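Shown next, in structure tokens, is the structure this report addresses.
The values are calculated or read from the model by the stated rules, or taken from the named source; none is laboratory data. What you are looking at is a predicted structure, and each value in this text was computed from that prediction instead of being measured. Please note: Cβ atoms are built from the backbone with ideal geometry, for glycine as well, and neighbour counts cover all protein chains shown.
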Amino acid sequence: MYLINGQLHHAYSLDQALQDLQQALPQHLARALDSRTVIDAVAGFARQLHDAHSDLPLDNEQRQALIDFCQPEALAYKRQRELGADADSLRRFDYRQPRFEAWRPLGLVVHITPANAPLLAFCAVVESLLAGNVNWLRPSRSDQGLTARLLRALVDCDASGQLAGHVAVIPASTEQIGKLCKPANGVAAWGGEAALQAIRQQLVPGCRWIDWGHRISFVYLTPESSTPEALDAVADEVCRLDQQACSSPQWLLVDSDDPQFCAISVNAWRRRCNDAPRNGRLWYRQSRKPRKLPRTRRWPASVRVLPVTPGKCGMAQAGG
């Protein structure tokens, strides 16, 4: 499903989509997108998600995750934390030098998103909008129009009408990625090493490359945060997708020397093993060899480092 200039299209060609988008691209790049416009539209979208009669194809967990992500205060804080309080102002940090600095949008950003995180594409586009970029999204084949419908709903919540020209969804094939990325100022892509290398080889010189590949990820667990629900979520994150997600945890860091607390953590693993089917997507294949993980030198005495091996569970938060 295509999203072009705020309108959904089931039947569209890549050439026609690029022609329509590139025709108005200089106009959209020349007009600054205020972050307040984005936050107001996202806030309206979050209110729409509270409506039980919304026709967006989301389950309750996905709906609540988007509501949490779309909180205006959180988005405003995120932008301020990463870009500073006056990100758009021209500043002179060293008065001994005739040099001025300011944050500016990168321009046109193409996002190439994975299949193992259904809501990631929407969140990536929103964060790029906060920076003022024009965004073209190439979703995964399993997306089935979900992100296009979410972004269309977001565009409908924009009173200014400006977001329609800053968001597009183009389900190009793998062979068409080079053509899609040709006018881009930056490309943000998720995937394994081979997939990312294949995409990067198709980029033109000077295009900014923003890759999100596999990382060594970990979970930091404290007794205060370890509710039964949180521990179940840890076990799910470790075992879901057979460790193929870029943020799949390989380490569980337990901030406690209490053996009873460690036993409680292990019980969550056993509970999930009994509750969930071993269908090859949620749990490890028993024949899979463990990854070679880097040795850690020194950790605080109160932290235990537990590696995750096939057939066992452990956890993580960082990654990309």
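Hey, could you check segment 43-60 for residues that are of a type in the set (A, V, I, L, M, F, W, C) and assigned to a helix (DSSP H, G or I) and say which is surrounded by the most Cβ atoms within 10 Å (Cβ to Cβ)?
Checked segment 43-60; the qualifying residue surrounded by the most Cβ atoms within 10 Å (Cβ to Cβ) is 45.
For segment 1-42, enumerate the residues that are surrounded by 12 or more Cβ atoms within 10 Å (Cβ to Cβ), out of contact with any Cys (no Cβ under 7 Å at 6 or more places or on another chain) and among the small types (Gly, Ala, Ser).
Within segment 1-42, 6, 17, 24, 32, 35 meet the criteria.
Kindly evaluate residue 140 against the criterion of being out of contact with any Lys or Arg (no Cβ under 7 Å at 6 or more places or on another chain), polar (S, T, N, Q), farther than 20 Å from residue 64 by Cβ and at pLDDT 95 or above.
No, not satisfied.
So how many residues does segment 232-288 have that are hydrophobic (A, V, I, L, M, F, W, C), assigned to a helix (DSSP H, G or I), under 26 Å from the mean Cα position of the chain (by Cα) and at pLDDT 75 or above?
Summing the residues that are hydrophobic (A, V, I, L, M, F, W, C), assigned to a helix (DSSP H, G or I), under 26 Å from the mean Cα position of the chain (by Cα) and at pLDDT 75 or above in segment 232-288 gives 5.
Determine whether residue 205 is assigned by TED's automatic domain parsing to the domain that holds residue 120 and farther than 18 Å from residue 138 by Cα.
For residue 205, the condition - assigned by TED's automatic domain parsing to the domain that holds residue 120 and farther than 18 Å from residue 138 by Cα - is met.
If you go through segment 8-31 one residue at a time, how many are free of Cβ contacts under 8 Å to residues at least 40 places away in the same chain and not in a loop (DSSP other than H, G, I, E, B)?
The qualifying residues number 8.
Cβ-Cβ distance below 7 Å, separation of 6 or more or different chains: which pairs start in segment 32-49 with a residue that is touching a residue at least 12 places away in the same chain (Cβ under 8 Å) and end on one that is surrounded by fewer than 18 Cβ atoms within 10 Å (Cβ to Cβ) and hydroxyl-bearing (Ser, Thr, Tyr)?
Matching pairs, first to second residue: 37/160; 48/54.
Tell me the residue from 155, 204, 187 that is touching a helix residue (DSSP H, G or I) at 6+ places or on another chain (Cβ under 9 Å) and part of a helix (DSSP H, G or I), please.
Only one candidate passes the filter, namely 155.
Can you tell which of 106, 129 is in a loop (DSSP other than H, G, I, E, B), in the same structural domain as residue 37 (by TED's automatic domain parsing), among the aliphatic types (A, V, I, L, M) and within 21 Å of residue 207 (Cβ to Cβ)?
Of 106, 129, the one residue that is in a loop (DSSP other than H, G, I, E, B), in the same structural domain as residue 37 (by TED's automatic domain parsing), among the aliphatic types (A, V, I, L, M) and within 21 Å of residue 207 (Cβ to Cβ) is 106.
Yes or no: residue 148 touching a residue at least 12 places away in the same chain (Cβ under 8 Å), in a loop (DSSP other than H, G, I, E, B) and either closer than 19 Å to residue 176 by Cβ or of a type in the set (Lys, Arg) (or both)?
For residue 148, the condition - touching a residue at least 12 places away in the same chain (Cβ under 8 Å), in a loop (DSSP other than H, G, I, E, B) and either closer than 19 Å to residue 176 by Cβ or of a type in the set (Lys, Arg) (or both) - is not met.
Quickly run through segment 79-103 and pick out the residues that are touching a residue at least 12 places away in the same chain (Cβ under 8 Å), surrounded by 13 or more Cβ atoms within 10 Å (Cβ to Cβ) and of a type outside the set (A, V, I, L, M).
Residues satisfying the conditions are 79, 84, 88, 103.
Can you spot a residue in segment 7-17 that is small (Gly, Ala, Ser), out of contact with any helix residue (DSSP H, G or I) (no Cβ under 6 Å at 6 or more places or on another chain) and farther than 26 Å from residue 106 by Cβ?
Yes - at least one qualifying residue is present in segment 7-17.
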